[in-house]
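These notes concern the structure reproduced below.
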Amino acid sequence: MRSFVIDTSVVVKWFSEYDEGDLEKAIAVRDRIAEGRWRGIVPDLLLYELANALRYNRSLDANDVKEAVDSIIALGVEVRGADQEVLRYSIEIACKYDITVYDAYFLALAVREKKKLITADYRFAERVKRLPSITRLSQV
């Protein structure tokens, strides 16, 4: 079974209905995880970022956001808690590539897990393109 770390830029697309680039690819990632063909790995940070992003969607209320977060857990993705080693490496990546520690954490987790990170944040991907652990959603 193929395994990937999935970042929030991909998961937030699962709750969008239109005007999203690579929406079909994001849905395909979700479906492969749901079907058990792929294993998705996320840091618990994703749940907070997703809830925050969806909270600002005017078409969703608090119950919708709660259901969205619950659905990620029900999907069966593996949620990893905070890890000091991963955090320390994410700080190094953030400083070296001038990105947020939040974004770097997903990449550091992918390195730790020896998996690829799937991201739809192409500006982020461009900044860290020298690192082999990143895959753009458009390439999946």
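A short reminder: the numbers here are calculations on the coordinates, not readings from a lab. Keep in mind that this is a model prediction, so the values were computed, not measured. All Cβ positions, even for glycine, are placed from backbone atoms using ideal geometry, and neighbour counts span all protein chains on display.
The spread of Cα positions in the range 1-79, taken along each principal axis and listed from longest to shortest, comes to 37, 25, 17 Å. Dividing the Cα radius of gyration of the chain by its Kirkwood radius returns 0.94 for Rg/Rh. Here the gap between Arg39 and Ser59, fully extended at 0.36 nm per residue and compared with their Cα-Cα distance, gives a gain of 4.2 nm.
In a GNM of the chain with a 10 Å cut-off on Cα contacts, which of Glu20, Glu113, Glu78 has the highest mean-square fluctuation? Most flexible of the set in this elastic network: Glu20.
The charge dipole of the range 2-139, taken about its Cα centre with unit charges on the Cβ of Lys, Arg, Asp and Glu (plus for the first two, minus for the last two), comes to roughly 680 debye.
Between the listed residues Ile27, Ile73, Thr100, the Cα displaced farthest toward the positive end of the dipole of the chain, a dipole computed from Cβ unit charges relative to the Cα centre, is found at Thr100. Working note: Karplus 6.51/-1.76/1.60 with θ = phi - 60° gives the range 8-16 the couplings 4, 4, 7, 5, 4, 5, 4, 10, 10 Hz, where Gly and Pro are set to x. Here's how it looks for Ile41: its modeled amide H is under 5 Å from those of Phe4, Val5, Ile6, Glu78, which are all 5 or more places away or on a different chain. Between Cys95 and Ala51, the modelled label-to-label distance comes to 3.1 nm, taking each label 7 Å out from Cα in the direction of the beta carbon. The simple spin-label model puts a point 7 Å past each Cα toward its Cβ; for Val69 and Arg88 those points are separated by 3.0 nm.
Summed over qualifying helices (DSSP H, 4 residues or more, each -39500 (n - 2.57)) and divided by its residue number, the chain shows a 222 nm mean residue ellipticity of -16000 deg cm²/dmol.
Annotation: lysines with alpha-carbon distance below 25 angstrom to Lys116 (same-chain offsets under eight excluded): Lys13, Lys25, Lys96, Lys129.
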